[in-house]
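Novice: The structure is given below, and queries will be raised subsequently.
The values are calculated or read from the model by the stated rules, or taken from the named source; none is laboratory data. Bear in mind that the values here come from a model prediction, so they are computed numbers and not experimental data. Neighbour counts are summed over all protein chains in view; Cβ atoms, including those assigned to glycine, are modelled from backbone coordinates with ideal geometry.
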Amino acid sequence: MHAELPEDDHLPSPLSAAQVTAFWNDFSGQDGARLVVTAHGNIEHFEAAQAVVRQAPPLAGYAVQAFRSRAAGSNFAMRLQDFELSCDDVLVAHYDAGGIIGLALSFAQAVPPQLQEQARQMAFILLDHALGEWDLAVRVGPVEFVDAQADAVPLSQFPAVFDAFQREVLGRTYDFPQEEQDRWISLEVRSRDADEDDAPDLLTFHDSAHALATRADLSYLLTLRFPVDSQESLDCARAAQDALDAQLLAQQRGVQAFTRMEGMQSRVAAFYVDDPDVAAALARQLAAEHAPGLDAALALEYDPSWREYLGMHSAIHRQDRHAAEDAA
């Protein structure tokens with residue numbers, strides 16, 4: 001069974017508690033049924049879909065999941081107006097597009113010019129079913145149609161290639177980093193509009209968090225910022241942020257992405273978390289305990305693609321890639 005979100009481009013994000021309750025009141029249990037809440041690939045509605053699932057009450061006979069899974073089987077097909085296209089007819093090449101995967105699509109056989117647009121739309125539908133709703137919307141970046149490339153594989157074989165690339169090239173194990181293998185990078189950074197005489201920001205970047213990037217249950221970016229004007233206030237800010245890091249990590253409900261000293265005036269720590277309400281309440285509690293005299297600023301952003309983190313990761317490692325290319 002599939003449950004669709006209301007067709008409303010102006011849905012609140014996330015849905016209100018009353019809307020979620022009304023949604024679930026429409027269902028009664030059926031033994032062995034699986035309820036899939038889909039946003040039809042529209043990432044603007046992903047937050048609402050996840051909120052509905054996160055707040056789902058216990059439903060006897062139902063397993064509840066967010067987003068459509070990959071279609072069963074490999075070489076399925078679709079027909080539209082006497083034109084049929086199968087997964088074997090669609091060829092896929094891929095590349096690293098800055099921590100997400102770019103795709104280059106082509107066709108195994110020539111498609112008549114008058115059917116090109118229709119064939120491309122059908123190829124997108126097949127791709128959506130082959131990869132599943134989350135992978136296509138969140139983990140795939142640019143998609144373009146090109147002439148067939150030598151390294152392209154049929155779409156029927158591509159999900160396994162996609163998973164291997166995520167794991168072996170991008171390093172996405174989706175496991176929390178172990179302490180003995182944890183890697184952090186410290187560097188000085190400046191904003192684009194900073195004056196040359198301004199003190200640089202001090203960025204401490206959690207490089208090992210890259211293994212978790214785009215994990216479906218860590219889709220919210222939480223930032224906790226404190227003003228600092230003395231060593232004492234800096235110590236208090238750090239204590240509150242470190243305490244939040246420790247508690248989220250112990251429960252595997254969040255991971256710290258980076259900290260940043262901003263112009264020696266404030267310290268911000270950023271985390272990717274599972275439940276925004278729980279994480280925000282914990283952050284406020286720890287701020288009150290460890291930094292009671294400081295005015296904590298808390299912000300939450302829905303960032304399932306980890307844009308903030310992956311943008312930093314790409315910039316930090318750009319020099320590494322250039323060095324590798326020069327060596328080759």
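Novice: Among the residues of the range 112-165, which ones are among the aliphatic types (A, V, I, L, M) and under 26 Å from ALA49 (Cα atoms)?
Specialist: Result: MET122, ALA123, ILE125, LEU126, LEU127, ALA130, LEU131, LEU136, ALA137, VAL138, VAL140, VAL143.
Novice: Let me ask another. Can you pull out the residues in the range 178-210 that are farther than 18 Å from SER266 by Cα and either among the β-branched types (Val, Ile, Thr) or touching a residue at least 40 places away in the same chain (Cβ under 8 Å) (or both)?
Specialist: The answer is ILE185, HIS206, ASP207, ALA209, HIS210.
Novice: Kindly indicate which of ALA130, ALA119 is farther than 14 Å from VAL92 by Cβ and modelled with pLDDT of 95 or more.
Specialist: ALA119
Novice: Report yes if LEU136 is of a type in the set (A, V, I, L, M) and crowded, with 16+ Cβ neighbours inside 10 Å, otherwise no.
Specialist: yes
Novice: ASP89 versus (1) crowded, with 19+ Cβ neighbours inside 10 Å; (2) of a type in the set (D, E, K, R); (3) closer than 30 Å to ASP201 by Cα: which is the lone unmet condition?
Specialist: (3)
Novice: Which residues, taken from the range 185-239, are of a type in the set (Val, Ile, Thr) and part of a strand (DSSP E or B)?
Specialist: Narrowing the range 185-239 to residues of a type in the set (Val, Ile, Thr): 185, 189, 204, 214, 223, 228.
Selection gives ILE185, VAL189, THR204, THR223.
Novice: Let me ask you something else. Quick check, is PHE165 outside any helix (DSSP H, G or I) and in contact (Cβ under 8 Å) with a residue 60 or more places away in the chain?
Specialist: Values: outside any helix (DSSP H, G or I): no; in contact (Cβ under 8 Å) with a residue 60 or more places away in the chain: yes.
No; evaluated as a whole, the condition is false for this residue.
Novice: Still on this structure, I have one more. Restricting to the range 52-75, and then to whatever is of a type in the set (Val, Ile, Thr) and in contact (Cβ under 8 Å) with a residue 24 or more places away in the chain, can you tell me which residue is surrounded by the fewest Cβ atoms within 10 Å (Cβ to Cβ)?
Specialist: VAL64
Here's the yes/no breakdown for (1) assigned by TED's automatic domain parsing to the domain that holds VAL53; (2) within 16 Å of the chain's Cα centre (by Cα); (3) of a type in the set (D, E, K, R):
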| residue | (1), (2), (3) |
| --- | --- |
| ASP151 | no, no, yes |
| GLN157 | no, no, no |
| VAL161 | no, no, no |
| ARG183 | no, no, yes |
| LEU187 | no, no, no |
| ARG192 | no, no, yes |
| ASP195 | no, no, yes |
| PHE205 | no, no, no |
| HIS210 | no, yes, no |
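Matching residues to (1) assigned to a strand (DSSP E or B); (2) of a type in the set (Val, Ile, Thr); (3) touching a Gly at 6+ places or on another chain (Cβ under 8 Å); (4) not assigned by TED's automatic domain parsing to the domain that holds PRO154:
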residue	(1), (2), (3), (4)
GLY99	no, no, no, no
GLY102	yes, no, yes, no
SER106	yes, no, no, no
VAL111	no, yes, no, no
GLN116	no, no, no, no
ARG120	no, no, no, no
PHE124	no, no, no, no
ALA130	no, no, no, no
VAL138	no, yes, no, no
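Novice: Here is a follow-up. Have a look at ALA283, ALA250, ALA269 and point out the one that is surrounded by fewer than 20 Cβ atoms within 10 Å (Cβ to Cβ) and in the same structural domain as GLU301 (by TED's automatic domain parsing).
Specialist: Sole residue among the options that is surrounded by fewer than 20 Cβ atoms within 10 Å (Cβ to Cβ) and in the same structural domain as GLU301 (by TED's automatic domain parsing): ALA250.
Novice: Further question: Here is a check on your reading of the model: is GLU180 crowded, with 16+ Cβ neighbours inside 10 Å and farther than 21 Å from ALA315 by Cα?
Specialist: Judged against the criteria, GLU180 is not a match.
Novice: Then there is this: Go through the range 15-35 and give me each residue that's assigned to a loop (DSSP other than H, G, I, E, B), surrounded by 14 or more Cβ atoms within 10 Å (Cβ to Cβ) and at pLDDT 65 or above.
Specialist: Passing the criteria: only LEU15.
Novice: Still on this structure, please answer the following. In the range 263-273, which residue that is in contact (Cβ under 8 Å) with a residue 40 or more places away in the chain and closer than 12 Å to LEU234 by Cα is farthest from the chain's Cα centre (by Cα)? Break it down into steps so the answer makes sense when it comes.
Specialist: Here is the first cut: in the range 263-273, the residues in contact (Cβ under 8 Å) with a residue 40 or more places away in the chain are 263-264, 266-273.
Pick out the ones that are also closer than 12 Å to LEU234 by Cα and you get 264, 266-268.
Details: MET264: 31, SER266: 27, ARG267: 25, VAL268: 21 Å.
Result: MET264.
Novice: From the set of residues in the range 140-154 that are in contact (Cβ under 8 Å) with a residue 24 or more places away in the chain, assigned to a loop (DSSP other than H, G, I, E, B) and of a type in the set (A, V, I, L, M), which is surrounded by the most Cβ atoms within 10 Å (Cβ to Cβ)? First the steps, then the outcome.
Specialist: Of all residues in the range 140-154, those in contact (Cβ under 8 Å) with a residue 24 or more places away in the chain come to 140-149, 151-154.
Keeping just the survivors that are assigned to a loop (DSSP other than H, G, I, E, B) gives 146-149, 151-152.
Applying the additional criterion that residues be of a type in the set (A, V, I, L, M) yields 146, 148, 152.
Details: VAL146: 12, ALA148: 13, ALA152: 20.
Among residues in the range 140-154 that are in contact (Cβ under 8 Å) with a residue 24 or more places away in the chain, assigned to a loop (DSSP other than H, G, I, E, B) and of a type in the set (A, V, I, L, M), the one surrounded by the most Cβ atoms within 10 Å (Cβ to Cβ) is ALA152.
Novice: Listed residues VAL255, VAL228; which is modelled with pLDDT of 95 or more, β-branched (Val, Ile, Thr), farther than 30 Å from ASP163 by Cα and buried (at least 16 other Cβ atoms within 10 Å of the Cβ)? Give the derivation first.
Specialist: Working: VAL255 fails: farther than 30 Å from ASP163 by Cα.
Unique residue meeting the criteria: VAL228.
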